[in-house]
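Step one of this worksheet: look at the structure below.
The values are calculated or read from the model by the stated rules, or taken from the named source; none is laboratory data. It should be emphasised that the depicted structure is a prediction, and the values quoted were computed from it without experimental measurement. Note that we place each Cβ from the backbone using ideal geometry, even for glycine, and neighbour counts take in every protein chain shown.
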Amino acid sequence: MEKQLKSKEKEIWTKDKNHVIHPYTNFENFKTEGSVIYEKGKDHHIYDMNGKEYIDGIAGLWCVNIGHGNEEISQATADQSRKLAYYNTFEDAGSIPAADLGAKIAGLCPQNLNHVFFGTGGSMANDTAIKMIHYYFNLIGKPKKKKIISRDLAYHGSTYLAHALTGIRPTHMAFDLPFDMIHYLTAPYAYRNQNELSETEFCDFLIDEMENYILKEGEDNIACFIAEPIMGAGGVIVPPRGYHKRTFDLCKKHDIFYISDEVVTAFGRLGHMVSSEEMFGIQPDVIIMAKGLSSGYVPLGATVISDEIYEVISRPKKENPYFSHGFTYSGHPLCCAVGLKNIEILERDGFCQHVQKWGPYFEQQLKSLSDLEIVGDVRGSHYMLSLELVAYKTTKFAFEPEIGIAKRVYHHARKMGLIVRPIGALIVLSPPLTFDKTAIDQSILILRKSIELTMDDLLKEKIWKH
């Protein structure tokens with residue numbers, strides 16, 4: 001049986017390596033190493049084809065909020081597929097799940113956001129937001145308002161425009177993206193950018209920079225500002241206190257729309273279904289949702305727009321009364337049914353309360369790793385956390401990229417049964433919201449040992465010293 005399983009695993013591994021193009025593939029080693037093939041999951045555990053169990057410390061990719069293998073979701077999927085798996089939602093067609101989910105999302109968002117456009121993920125939702133905003137300004141006679149303010153280290157997706165909104169510069173290499181529309185502000189990255197400034201002074205600097213750009217470019221040329229409440233793939237960066245409210249106030253002052261990209265932060269990861277208003281005191285003009293909206297069980301994203309924007313874009317135009325934007329799978333009935341059931345489970349089972357209870361403990365336990373010599377910074381909030389690894393704490397001196405410091409820790413952790421996400425010099429933890437005290441404690445123990453083993457490796461290889 002073991003031989004047969006290993007043979008089957010090799011067959012699948014080979015098919016994957018030879019025929020599947022993975023997102024963000026590292027082609028330096030993929031053709032020889034391939035991918036780990038995972039077969040099943042339950043709650044916050046996943047299992048590879050050999051049956052080895054791992055703690056899923058990253059919720060698949062920020063998204064499996066209710067945990068793996070939820071039977072209610074499986075049943076809801078089956079039930080809807082029997083009723084109506086798909087029908088188009090163009091113009092004069094709709095579905096019960098899409099209508100119900102649209103109303104439910106509007107009820108979760110700030111009061112001015114009542115209109116939902118569905119897609120299949122965060123990249124599509126961000127592209128849609130920009131397209132709608134540009135359309136809005138064209139319709140009200142302000143066609144010059146096209147510029148978009150983003151930020152260094154922002155992550156907003158990887159479709160053509162969303163990739164340009166993303167401020168992680170190495171990912172732009174050799175892609176022809178529409179950079180002429182985008183301006184990147186300094187990331188609110190205290191560990192690297194605050195230097196000798198106090199938190200208040202750092203926030204002042206960031207706000208001054210934003211307003212100076214607006215004044216230089218001219219508010220008549222700027223359409224919107226897009227921001228993640230806590231920056232995700234760019235480093236789990238928590239902005240200084242008051243930052244979001246002040247950037248929002250600047251946008252209102254200068255007639256610039258504010259887009260809150262809550263692809264990661266919504267649906268419980270920070271202890272709230274929607275964090276913009278609850279945690280940061282802002283009512284954006286647009287909120288972007290995906291990932292936790294369906295807990296990753298089906299591809300689903302949403303662009304939620306204000307009454308102000310909708311009132312303009314919904315006016316029929318004499319030349320063309322249509323809103324000429326949409327996709328085959330917009331409002332997909334089966335996906336919307338899953339989204340509804342997912343939200344029902346999150347609310348009924350008190351996932352936000354669970355995260356509010358255990359999030360501070362998780363943060364505290366991760367900070368206990370600060371005594372390790374290569375842990376430079378520990379940051380994040382609730383179930384969205386990160387370690388930044390450095391060669392020397394006092395100088396914050398970074399490891400050379402070719403050392404692959406985070407990847408080394410990742411490999412040690414995986415051998416011991418914990419999946420974390422390595423990004424450059426970062427170790428990211430964003431587990432399913434089923435994570436309890438036992439899972440937190442186990443993860444911290446494994447992570448500590450993994451970092452210690454990594455330091456031993458570096459010493460043996462003579463590429464680092466105490």
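The combined condition, being closer than 21 Å to residue 262 by Cα, without any contact (Cβ under 8 Å) to a residue 40 or more places away in the chain and of a type in the set (A, V, I, L, M, F, W, C), is fulfilled by residue 164.
Quick one: is residue 292 surrounded by 24 or more Cβ atoms within 10 Å (Cβ to Cβ), of a type outside the set (Asp, Glu) and touching a Ser or Thr at 6+ places or on another chain (Cβ under 9 Å)?
Numbers: surrounded by 24 or more Cβ atoms within 10 Å (Cβ to Cβ): yes; of a type outside the set (Asp, Glu): yes; touching a Ser or Thr at 6+ places or on another chain (Cβ under 9 Å): yes.
It is true that residue 292 is surrounded by 24 or more Cβ atoms within 10 Å (Cβ to Cβ), of a type outside the set (Asp, Glu) and touching a Ser or Thr at 6+ places or on another chain (Cβ under 9 Å).
Regarding residue 161, is this residue touching a Gly at 6+ places or on another chain (Cβ under 9 Å), in the same structural domain as residue 211 (by TED's automatic domain parsing) and outside any loop (DSSP other than H, G, I, E, B)?
Numbers: touching a Gly at 6+ places or on another chain (Cβ under 9 Å): no; in the same structural domain as residue 211 (by TED's automatic domain parsing): yes; outside any loop (DSSP other than H, G, I, E, B): yes.
For residue 161, the condition - touching a Gly at 6+ places or on another chain (Cβ under 9 Å), in the same structural domain as residue 211 (by TED's automatic domain parsing) and outside any loop (DSSP other than H, G, I, E, B) - is not met.
Residue 64 meets all of the listed conditions (1) more than 22 Å from residue 350 (Cβ to Cβ); (2) not in a helix (DSSP H, G or I) but one, namely (1). Residues of the range 297-341 that are assigned to a loop (DSSP other than H, G, I, E, B) and small (Gly, Ala, Ser): 314, 324, 326, 330, 331.
Each row is one residue, and each column tells you yes or no for (1) among the hydroxyl-bearing types (Ser, Thr, Tyr); (2) touching a residue at least 60 places away in the same chain (Cβ under 8 Å).
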| residue | (1), (2) |
| --- | --- |
| 16 | no, no |
| 30 | no, no |
| 39 | no, no |
| 42 | no, no |
| 55 | no, yes |
| 62 | no, yes |
| 86 | yes, yes |
| 95 | yes, yes |
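At least 2 residues being in contact (Cβ under 8 Å) with a residue 40 or more places away in the chain and among the acidic types (Asp, Glu) is the threshold, and among the helices (runs of 4 or more DSSP H) wholly inside the range 185-280 those reaching it are 199-217.
The residues listed here are 155, 136, 86; of these, the one that is in a loop (DSSP other than H, G, I, E, B) and touching a strand residue (DSSP E or B) at 6+ places or on another chain (Cβ under 9 Å) is 155.
Is it the case, given these coordinates, that residue 304 is crowded, with 22+ Cβ neighbours inside 10 Å and in contact (Cβ under 8 Å) with a residue 60 or more places away in the chain?
Values: crowded, with 22+ Cβ neighbours inside 10 Å: yes; in contact (Cβ under 8 Å) with a residue 60 or more places away in the chain: yes.
Yes, satisfied.
Which residues, taken from the range 411-466, are among the hydroxyl-bearing types (Ser, Thr, Tyr), within 30 Å of residue 353 (Cα to Cα) and either in contact (Cβ under 8 Å) with a residue 60 or more places away in the chain or buried (at least 16 other Cβ atoms within 10 Å of the Cβ) (or both)? Walk me through it before giving the result.
Going through the range 411-466, the residues among the hydroxyl-bearing types (Ser, Thr, Tyr) turn out to be 430, 434, 438, 443, 450, 454.
So of that shortlist, the ones also within 30 Å of residue 353 (Cα to Cα) come out as 430, 434, 438, 443.
430, 434, 443, listed by residue number.
Please pick out the residue among 257, 248, 205 that is of a type in the set (Phe, Trp, Tyr) and more than 23 Å from the chain's Cα centre (by Cα). Break it down into steps so the answer makes sense when it comes.
Values: 257 fails: more than 23 Å from the chain's Cα centre (by Cα); 248 fails: more than 23 Å from the chain's Cα centre (by Cα).
Going through 257, 248, 205 in turn, the sole match is 205.
Put simply, of 150, 123 the only residue that is buried (at least 21 other Cβ atoms within 10 Å of the Cβ), of a type outside the set (A, V, I, L, M, F, W, C), under 23 Å from the mean Cα position of the chain (by Cα) and assigned to a strand (DSSP E or B) is 150.
For residue 123, the test of being assigned by TED's automatic domain parsing to the domain that holds residue 336 and over 23 Å from residue 62 (Cα atoms) is failed.
Residues checked against (1) of a type outside the set (Val, Ile, Thr); (2) at negative phi; (3) touching a Gly at 6+ places or on another chain (Cβ under 8 Å); (4) not assigned by TED's automatic domain parsing to the domain that holds residue 53:
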| position | (1), (2), (3), (4) |
| --- | --- |
| 378 | no, yes, no, no |
| 384 | yes, yes, yes, no |
| 392 | yes, yes, no, no |
| 397 | yes, yes, no, no |
| 417 | yes, no, no, no |
| 430 | yes, yes, yes, no |
| 439 | yes, yes, no, no |
| 454 | no, yes, no, no |
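Would a scan of the range 41-54 turn up a residue that is at pLDDT 95 or above, surrounded by 13 or more Cβ atoms within 10 Å (Cβ to Cβ), under 30 Å from residue 322 (Cα atoms) and of a type in the set (A, V, I, L, M)? No, the range 41-54 contains no residue that is at pLDDT 95 or above, surrounded by 13 or more Cβ atoms within 10 Å (Cβ to Cβ), under 30 Å from residue 322 (Cα atoms) and of a type in the set (A, V, I, L, M). Looking at the structure I just gave you, is residue 319 among the acidic types (Asp, Glu) and exposed (fewer than 14 other Cβ atoms within 10 Å of the Cβ)? Taking the combined requirement at face value, the residue satisfies it.
Any idea which residue in the range 97-120 is surrounded by the most Cβ atoms within 10 Å (Cβ to Cβ), counting only those that are aliphatic (A, V, I, L, M) and over 21 Å from residue 281 (Cα atoms)?
Within the range 97-120, the subset aliphatic (A, V, I, L, M) is 98-99, 101, 103, 105-106, 108, 113, 116.
Adding the requirement that they be over 21 Å from residue 281 (Cα atoms) leaves 98-99, 101, 103, 116.
Numbers: 98: 23, 99: 14, 101: 28, 103: 12, 116: 22.
It comes out as 101.
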